[in-house]
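Reading through the structure tokens given below for one structure.
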Amino acid sequence: MSRTIFDPSARAELFARIDRLAPDAPARWGSFTPPKMLAHLIDAVRMAVGELPVPQRRSFLANRIVRYLVLHVFPFPRGAPTARELLTRAPGNWASDVAALKAIIERASAQKDSGTWQPHPAFGVLSAADWGVLIHKHASHHLTQFGA
């Protein structure tokens, strides 16, 4: 079973990893800094819950079989493209951004079955369960990028 933000223990483990992250940690790959990565993750979850509109783009990832494999089987590839809307936020104060990331993940997890989930720009319409897995997997991917 894939890890999800809807599982309290998986969410707590994710938050512990966020707390271990240092603002000056070197990247194992990619061009993000830890502060820029936090800003990116905040906006990615804001997109999921409908707070940040991001237009859909035609993508082979919207195919249900491909989407399932990417979300539940394969690891995220390093350097995968992302929506430019998720790269524009300037990092803020480190402690504030850490708190903001954890808060938006908590809000997303609280709306599991009652909230409005936006279509993903590449994957298309996702269920709440798929969003829970995607948010966890995306955050975990970037935390691993910095050794957390």
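The values are calculated or read from the model by the stated rules, or taken from the named source; none is laboratory data. Only a predicted model underlies this, so the values are computations on that prediction, with no experimental measurement involved. Backbone-built Cβ (ideal geometry, glycine too); neighbour counts: all protein chains shown. Accessible surface is based on the protein model in full, side chains and every heavy atom, while ligands, DNA and RNA are left aside. Shrake-Rupley method; radii C 1.70, N 1.55, O 1.52, S 1.80 Å.
The table below lists the values:
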{"quantity": "Tally, over segment 54-68, of residues that are free of Cβ contacts under 8 Å to residues at least 24 places away in the same chain, of a type in the set (K, R) and in a helix (DSSP H, G or I)", "calculated": "1"}
{"quantity": "The lone exception for H141 - which of (1) outside any loop (DSSP other than H, G, I, E, B); (2) touching a helix residue (DSSP H, G or I) at 6+ places or on another chain (Cβ under 7 Å) it fails", "calculated": "(2)"}
{"quantity": "Among (1) within 14 Å of the chain's Cα centre (by Cα); (2) open to solvent by less than 50 Å² (accessible area, probe 1.4 Å) - the single one V66 does not satisfy", "calculated": "(1)"}
{"quantity": "Which listed residue is assigned to a helix (DSSP H, G or I) and at pLDDT 95 or above, from D19, D24", "calculated": "D19"}
{"quantity": "Odd one out for D113 among (1) in a helix (DSSP H, G or I); (2) open to solvent by 40 Å² or more (accessible area, probe 1.4 Å)", "calculated": "(1)"}
{"quantity": "Filter result (surrounded by 14 or more Cβ atoms within 10 Å (Cβ to Cβ), more than 21 Å from S109 (Cα to Cα) and hydrophobic (A, V, I, L, M, F, W, C)) within segment 15-36", "calculated": "L21, A25, A27, F32"}
{"quantity": "Set T88, T82, T4: member being part of a loop (DSSP other than H, G, I, E, B), crowded, with 16+ Cβ neighbours inside 10 Å and out of contact with any Ser or Thr (no Cβ under 7 Å at 6 or more places or on another chain)", "calculated": "T4"}
{"quantity": "Complete set of residues in segment 89-107 that are within 10 Å of K36 (Cα to Cα) and touching an Asp or Glu at 6+ places or on another chain (Cβ under 8 Å)", "calculated": "R89, P91"}
{"quantity": "Members of segment 37-63 found to be surrounded by 18 or more Cβ atoms within 10 Å (Cβ to Cβ) and either of a type in the set (D, E) or farther than 15 Å from P119 by Cα (or both), listed by number", "calculated": "M37, L38, A39, H40, L41, I42, D43"}
